[in-house]
Structure formats: C-alpha cells, structure tokens
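What follows is a set of notes on a single structure, which appears directly below.
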Amino acid sequence: MVLNLNWEIIWVFVNLLILFLLMKKFLFGPITKLLDERAKGVADTLDQAETQLAEAERQKAEYTQQLASARGEAAHIVEEARKRADLAYSRRMDEAAQDVQRLNEQAARQRAADREAMLASAQKQVADLVLLTTAKVSQRTLDADADRAMLDALLEEVGDE
C-alpha cells in the first residue's frame, strides 16, 4: 500500500499538471489576451484624450489671441471714430462761428442801410417841413424845384458836419 499511495500521489500531480496546462491554454491565455486588449484600449483612450486636450489647449490659446486682437482692433476703431467725431465737431463749430460772424456782418450792414434810409427819410421830412414853414411865413408860393435844390444843398452841408 505504500507503493500504491505513491503512485496515487504521482497521478494526482500528473493530473494537476495536465489540468494546469489545459487551464493555461484554454482559460488563462484568453483571459490574459482579453486583459491585454482592454489595457491597450484604455491606453489608446488616454492617448486620444491627451491629444484632444492638447488640441483644445491650442485652440483656446488661438481663440484667446484672436479675442485680444479683436479687442485691440475694436479699441482702435473706437479711437478713430472718436477722432473723426472730434474733427467733425470742430469743423461744425468753425462753420457755425463763421455763420454767426457773417450774420452779424449782414445785420450790421442792414442796420447801417436802415439808418441811412431813416436819416434820408428824416431829412426829406425836415426839408418838407422847412419848405412848408417858409411858405407859410412868406405867404407866397415857392418854386418847388429851386427851393428843393437849395434845401438839399443846405442839408448836405449840415450832414457833412
């Protein structure tokens, strides 16, 4: 029985060895292959994520640069518009000042013309009154043309003084 027991132990070892080899070939091999494929898939996914992250970072930097450029350009456009508005305002103010000066000159000329017309009218009325008074005083009819010429000459002398 001692020998029989040893043969049983050897057969158990042989069976275990065969079982191990079969499990290694049919169980551990596919499981190892499956785990390797999963690990490779995870690594590929991580690589893709890193690539996408780097691309996103690059695009973000590009957009930030474009935004800064656009803001600078907008500030430049606003500044140019402000300068043009100031220039237009200055031109309008100069034109308005010239218009005011021109209107003042026209008003002064009109006042002078009105004054001359008023003085001429007043002189004519004074002359008519003097002639009428002289006619009443002298109780005679005067030659209107001769008297008027004399009176105009007199008024011109008085007006020059």
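The values are calculated or read from the model by the stated rules, or taken from the named source; none is laboratory data. From a predicted model like this one, the values you see are computed outputs, not experimental measurements. All Cβ positions, glycine included, derive from the backbone under ideal geometry; neighbour counts span all protein chains shown.
Condition check: at pLDDT below 90, more than 42 Å from the chain's Cα centre (by Cα), of a type in the set (S, T, N, Q) and outside any helix (DSSP H, G or I). Does Thr141 satisfy that? Yes, satisfied. If the condition is being within 26 Å of Ala149 (Cα to Cα) and either basic (Lys, Arg) or in contact with a strand residue (DSSP E or B) (Cβ under 9 Å, 6 or more places away or on another chain) (or both), then region 72-126 contributes Arg115, Lys124.
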